[in-house]
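Reading through the structure tokens given below for one structure.
Quick note: the coordinates plus some simple rules give every number you see, no bench work behind them. Not measured: the values here are computed from a predicted model. Glycine gets a Cβ as well: all are built from the backbone with ideal geometry, and neighbour counts include every protein chain shown.
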Amino acid sequence: MILLKNNTLFLWPSDRILVWVLRFCAVIAAMIVFLILLFLLNESIPVLKHVGMSRFFFDSTWSPTEGLYNLLPMLWGTLFAMVGSVLIATPLGIISALFCHFYAPKPIAHIYRQIIQLLAGIPSVVYGFWGLVVLIPLIGQIQPPGPSLLAGILILTIMILPTLALSADASLANVPSSYLKGSAALGLSRWATIRGVVLPAAKSGLFTGVILEIGRAIGETMAILMVCGNVVQTPKNIFEPMRTLTANIALEMAYALGDHRSALFVSGLILMLVITGLVICAEILSRKIIYD
Amino acid sequence: MNITTDSAYPWSPLEKRPACCEPKSFLEIKNLSLSYKGEKAFEGVNLDLYQGCITALVGPSGCGKTSFLTALNRLTDLISGCKLSGSIKLAGEDIQASSVDILALRRRVGMIFQKPNPFPLSIRKNILFPLREHGTTDKSEANAILERVLQQVGLWDEVKDRLRAPALSLSGGQQQRLCIARALALKPEVLLMDEPCSALDPISGGIVEDLITSLRGKYTILIVTHNLAQARRIADYTGLFWVRNHVGQLIEYGTVKEIFESPKEELTRAYIQGMRG
Amino acid sequence: MTKSSCRKERLVTSLIWLCVLLISAVFFWIFGEILWNGGSKLTFDFLTLAPKQAGRGGGIGPILISTLWIVGVAMAVSIPLGVGAAILLSEFKSSENIFILLIRRSLDVLAGVPSIVFGLFGNAFFCKTLGLGFSILSGGLTLACMVLPILIRSTEEGFRSVPEDYHLSAAALGLSRISTLWNLLLPAAVPGLIVGIVLGVGRAMAETAALIFTSGYVDRMPTSFLDSGRSLSIHIFDLSMNVSGGDPNAYRSAFVLMLILVLINALASFTANYFFKRRIITV
């Protein structure tokens, strides 16, 4: 039984109906996640039954029409693209937020925030299109063919940077001003204040933001599908084309049947589990205050 | 309360207190005014702080005492729209000159705030980190300073076993003493204190007050307080701030004895007797 | 301050300005590219005509209509559900109740689910299990699941900004729960709700991956919700990846999409500001 804040208000029958309607809405909203998990599992079970989990890692290659299901090249592709973009985007995002709070004159900070907000609103397909017509020819000039891990990393970086910058901005805004005053009264320089006081105080917020960004980088599909070349192989350097798990689903879902389709749902299930893990991590981190 | 006829001060007479120093002025403030976005906070303040003495500023709230304090280490620079005029000389040096290294100035003129504001770091880092930033890179030297200042504020025995615990886990009074220790570690010459006891419970407030008294003679201290009895207990000199024509002014300034026992101004007499404010 | 720390300070400052300039440059590059190649050649006909030769010629008329329908379905389903759930979440004491906690956590996870996974789910559930096939309805329902967490979060924010006094004074007057909600809480929470709706529409407009195998590729004018319909974002994807010589129209479509999204964003921040100011004046 759920208790209302003011239990005494439970007098009118209409109130009871209302509460049941609200509960119904909330339950449906909460059910979606479980429905997603259920359907992913349901569709993956056939292939897991006759093929088994291990073949997704130890088959010679990914060629589902011939019954070969090695997901490893795609897993590596996703991992490389994610690590590369998060490594570049994290410092840039934090620097953006620091700039708005401590370095920029007010009007410039305002304009810069607007720019970041607009960047955050650009759809991934537009980023992908820009990568396709601008970035790939540029990379192709340095080292053909052009569509490559590098293009994927760069596009992902540009995509996750704005949201990271916005969340870092929010966590810096939460640093109490008394810390800043105290630091100024001790005669600490601006950079010393940032490094010694502001960043440690905002640490848990920043970590949470980064973890959620990792989730976005792993889950991104369209932009990376458009710039990475989509060759099933583990890239040996950043100029080689590759394929991510998400791009694989988007590319093959249209014609996949039977075990092949089922195998794609297995990769969806893997994505879902990884994301759930990351969200839980972020949740735990955002509650914990980290010292030293 | 029984008010005696000619003494302005209704309480028992002041006990003798050790001379803190020879009255040698260290911080000279001449005709200082401050306006915030065109509105004057205080104006025309002339005040000499004597080296090694404790000077208390009393007066009702909103009369510009805190603004006056922040002008002395140029924290006013952080507030946009703040304009300062007049001169402030620290040991003969004009602190408003553009050539002044503002970070070095703030090191020489430390400040303690009303609400304790330790950083969200460990206890030891709260002291070591500002030290390192001001160029004390030698570890053993820094640790020696850490122990010395914590001893000085009487915190060493309380925290020596948990120096790595978060500073925010300390009680309010301990936090305030940590803040004082943090300021002392930088070897300041002047300490500005903005009602350092008023956010604390009476017992911790008393401990911090005793600590301030123990600093007499070693630092030039300017303390803002609402608490007249406190000013009388710990200060050597006292100044009264008051709002006249919507602008804060220094009404009277003198030794504690003069202000509390034979004030020149009617306003001071009334305030001391508790009739106004 | 020591000499070396002064030099460090200057170095850090210039480094930060450099990074910011770099980011701004990339921003202007992207916007400029789309604006220059898409905006300058945009005509009114392009917005109304049907696409020809797989999109190389003609316009995006039916595609705009399909997009509108898909987003319409998504919002029509998600708004009532979202508002209901948001009221429940904000009006109950959350931390004390496992049921509420579970709902909250599952919404957190839902907000992080990649859009391609929504696509898989929509394909399996709406298209196959419910038998809706590749249709505007399947696509819209899939998007509804996707925007639900955004909608709930910002509506809840709106309800939370209602002062606790309202509840108490309403209780003191002996008002029923439902009339308190209708007359006091809902009006106060409207700004949060509007911001949520606008953000949700933006997210739905921008989505591609979840729609590829739920609403399908067909670029004809839809005649019913069970028809397959191509959204604007899928159109851009298809033109740039699968149609050689489709770039000019891809630029134009991208420009139209960005224009809509920028307008939506502006609307969101304007609404938030407007209501925020009004609330300060009336209180």
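Listing for the model above:
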| item | result |
| --- | --- |
| For C:Ile34, B:Ile79, order by how many other beta-carbon atoms lie within 10 Å, fewest first | B:Ile79, C:Ile34 |
| Using alpha-carbon coordinates, inclination of helix B:123-133 to the longest axis of chain B, degrees | 90 degrees |
| Extension gain, A:Arg287 back to A:Gln114 (0.36 nm per residue minus Cα-Cα distance, nm) | 59.3 nm |
| Chain B - convex hull of the alpha-carbon atoms, volume per residue in Å³ | 138 Å³ |
| Restraint check, B:Lys115/B:Lys187; B:Lys89/C:Lys8; A:Lys181/B:Lys218; A:Lys203/B:Lys40, Cα-Cα greater than 32 Å | A:Lys203/B:Lys40 |
| Charge dipole of chain B about the Cα centre (unit charges at C-beta), most positive-ward option of B:Leu131, B:Val149, B:Ser25 | B:Leu131 |
| Of A:Ile194, A:Ile158, A:Ile214, the one that fluctuates the most in a GNM where chain A has Cα springs shorter than 10 Å | A:Ile194 |
| Calculated log₁₀ intensity ratio I(q)/I(0) where the Debye formula runs over C-alpha points of the protein assembly as shown, q = 0.07, 0.11 Å⁻¹ | -0.71, -1.24 |
| Positive-end residue, the protein assembly as shown charge dipole about Cα centroid, Cβ charges, pick of C:Gly229, B:Thr238, B:Leu170 | B:Thr238 |
| Among B:Ser169, B:Ser98, B:Ser204: highest mean-square fluctuation, GNM of chain B, C-alpha pairs under 10 Å | B:Ser98 |
| Span-like helix ranges in chain C, DSSP H, alpha carbon extent 24 angstrom or more, Kyte mean at least 1.0 | C:3-34, C:61-91, C:186-206 |
| Net length gained if the chain between C:Leu15 and C:Leu42 were fully extended (0.36 nm per residue, minus Cα distance) | 5.7 nm |
| Separation of the A:Leu273 and B:Glu258 label points, Cα + 7 Å toward Cβ, nm | 8.3 nm |
| Rounded to whole Hz, the Karplus (6.51, -1.76, 1.60) HN-Hα couplings of region A:59-68, x for glycine and proline | 5, 6, 7, 9, 8, x, 5, 9, x, 10 |
| Integer Hz, Karplus 6.51/-1.76/1.60 couplings in order for region B:99-104, x for Gly and Pro | 7, 5, 7, 5, 5, 5 |
| Among B:Cys63, B:Cys82, B:Cys197, residue whose mean-square fluctuation peaks in a GNM of chain B (springs only between Cα atoms under 10 Å) | B:Cys82 |
| In nm, spacing of pseudo-spin labels at C:Lys8 and C:Val26 (7 Å Cα→C-beta vector) | 2.8 nm |
| Amide hydrogen neighbours beyond the local backbone of B:Gly86, cut-off 5 Å, H modeled | B:Ser33 |
| Point-to-point label distance, B:Ala229-A:Glu66, nm (Cα→Cβ direction, 7 Å offset) | 9.3 nm |
| In order through region B:178-189: 3J(HN,Hα) via Karplus (6.51 cos²θ - 1.76 cosθ + 1.60), integer Hz, x for Gly, Pro | 5, 4, 5, 4, 4, 5, 5, 4, 7, 6, x, 9 |
| Dipole in debye (nearest 20) - region C:61-282, about Cα centre, beta carbon charges: Lys, Arg +1; Asp, Glu -1 | 200 debye |
